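The values are calculated or read from the model by the stated rules, or taken from the named source; none is laboratory data. Remember, it's a predicted structure, so these values are computed and weren't measured experimentally. We place every Cβ from the backbone using ideal geometry, glycine too, and count neighbours over all the protein chains shown. What goes into the accessible areas is simple: the full protein's heavy atoms, side chains included, and nothing from ligands, DNA or RNA. Shrake-Rupley method; radii C 1.70, N 1.55, O 1.52, S 1.80 Å.
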Amino acid sequence: MSSRRTVSLVTLGCARNEVDSEEIAGRLSDGGWELVDGEADEKADVVVVNTCGFIEAAKQDSIDALLSAAEGGAKVVAAGCMAERYGKDLAEAMPEAQVLSFDDYTGISERLDDVLDGRALVPHDPRDRRTLLPISPVERHGGDAHVPGHGAFAPAPLDPLPEGVAPASGPRVPRKRLTGGPVANLKIASGCDRRCSFCAIPAFRGAYISRRPDDLVREAEWLSGQGVRELFLVSENSTSYGKDLGDLRALESLLPRLAGVEGIERVRVSYLQPAEVRPGLIEVLTGTPGVVPYFDLSFQHASGPLLRRMRRFGDRERFLELLRTVRAAAPGAGARSNFIVGFPGETEEDFAELTAFLEEARLDAVGVFGYSDEDGTEAAGLDGKVDEEVVAERVDRLNRLAEELMSQRSEERVGERVDVLIENDLEDGTYEGRAAHQAPEVDGGTLVRGTGLAVGDLVPATVVEAMGVDLVADADALDRSPDTRSPDTR
């Protein structure tokens, strides 16, 4: 085997998968592997596809990526959620790829050595990862199962590491940034203890487990040293953070600590469960300098009876009351959500309740998904299945309504002062960035007109035009020191 071993990473799915890929990259770099760009002329010896196993469309994207990598002649390895979820079944269905489990991540350099040398990996049997940790949340720390992205994080490694790789000695979490730029995901927890009848994620991601606050602060300090100015906190359910650490208000105390890290200008939280959003959390999200009032709320629907079939809580009026409470504290707060259309038993009355909610909710961003059965979920066995043509028609109707409503919400922001994090210099006096109500990749962006700006600046600006979910803003002629914050970040 050549002493030079090259690998490329293909990441599919959510921001949590992106963090996992950076752990894989850190471990491989520490093991002597050289990461190469899969799109470049130089082809890698091994291609690792970090798959998504969320819904049918995502699984098909993962299969397509594996097949495409195999066509290029490289040895192919499937990692991530779909690989974990299906194990040997995936290996049998796709002989083009070797299959890894989350438990293989700690030894992934050696696993890829085996692949490069032609030694077949033994794929794991599919299993419910919730069984790998104790039922009681407070007993979960210190278990043997590997949870991607978890462990201690220290700012100074004991042993020399490749440039740009975070600590990887002993039980520490390694991380190598793959994208650069002023924004980075920070995983605060993994897994989920909820039992939503449509969702298979807890079975392959496992039971809920939080990372310790001190480790998160140390990782935030490392990210700041890498040029990061905005932290995007990710997990399957951020509002449960700390319940396994014996502190149900841990997120409320963590957020000010992260916002206080030198060099960090903005902290944003993703995936909040409406039933778990407490008054104290709203107060911290809307009243802490450096913490943006951004509410990524997992509503899923607005019909109370249908939500009960989903094994969820709430209804149209409760959700509207939550939004009213948020906006009373921060009128410019951003709010987004995803919705499932065509869940078993959904009637036209249920669908009408959902559309009425959206018309009142004034959400900045709306995602719409048509329901499909998922292996191993309760909903797959429910009666009242909605015809596929009806599901498609409702998805189309809701998407068209959502586009109109999101455009209206953007128009409401014309004249508003916003803080924009500059992420790209277009070199013609304009810059691409995001205001506080816009999360990375999913919520649109803001085009800023100004002079003397730089990537990583947090720029006060005034919105002058709306283009769908995107905004155009003129930079204000104000002091742009790190302590200057516009009202939308308070």
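Summary of computed values
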| read-out | value |
| --- | --- |
| Projected label distance in nm at ASN338 and ASP373, using a 7 Å step from Cα toward the beta-carbon | 2.2 nm |
| Hull shadow area, averaged, the stretch 10-126 [alpha-carbon convex hull, nm²] | 6.6 nm² |
| Mean residue ellipticity (222 nm) of the chain, computed from DSSP H runs ≥ 4 via -39,500 (n - 2.57), nearest 500 | -9500 deg cm²/dmol |
| Distance (nanometres) between label positions extended 7 Å along Cα→Cβ at ASP89 and GLU389 | 3.1 nm |
| Shape category assigned to the stretch 274-350 from the gyration tensor of Cα positions, a/c cut at 1.5 | prolate |
| P(r) histogram, all alpha-carbon pairs of the stretch 369-437 included - 5 Å bins from 0, percent | 3, 12, 12, 13, 12, 11, 10, 10, 10, 5, 2, 1 |
| For the stretch 193-348: Kirkwood Rh in Å [reciprocal of mean 1/r, alpha carbons] | 16.7 Å |
| Area of ARG400 that stays accessible when all protein chains are in place (1.4 Å probe, Å², to 10) | 130 Å² |
| Summed residue charge, Cβ within 13 Å of LYS75's Cβ, Lys/Arg positive, Asp/Glu negative | -2 |
| Stretchable slack from THR451 to ASP117, in nm (0.36 nm times residue separation minus alpha-carbon distance) | 114.8 nm |
| The chain - Cys residues lacking any other Cys C-beta under 4.7 Å | CYS14, CYS52, CYS81, CYS192 |
| Accessible area (Å², per residue) of the chain, counting only protein heavy atoms and a probe of 1.4 Å | 41 Å² |
| Those trypsin sites (Lys or Arg not before Pro) in the stretch 93-136 that DSSP places in a loop and that have at most 16 other beta carbons within 10 Å | ARG119, ARG127 |
| Largest-first ellipsoid semi-axes for the stretch 229-313, taking √(5λ) over the Cα gyration tensor eigenvalues, angstrom | 26, 14, 11 |
| Compactness of the chain - radius of gyration and Dmax, Cα, Å | 22.6, 65 |
| Carbon/sulfur fraction of accessible area - the stretch 280-426, other protein chains in place, 1.4 Å, % | 49 percent |
| Lys pairs, the chain - Cα-Cα below 24 angstrom, 8 or more residues apart or on other chains | 10 |
| FRET efficiency, GLU411 to ASP64 (Cβ-Cβ, R0 35 Å, nearest 0.05) | 0.40 |
| The chain, relative contact order [Cα under 8 Å, separation at least 6], % | 10 percent |
| The chain, dipole about Cα centre (Lys/Arg Cβ +1, Asp/Glu Cβ -1), debye to the nearest 20 | 1620 debye |
| The stretch 318-405: C-alpha pair distances exceeding 19 Å, % | 45 percent |
| Within the accessible area of the stretch 188-237 (1.4 Å probe), percent carbon and sulfur | 46 percent |
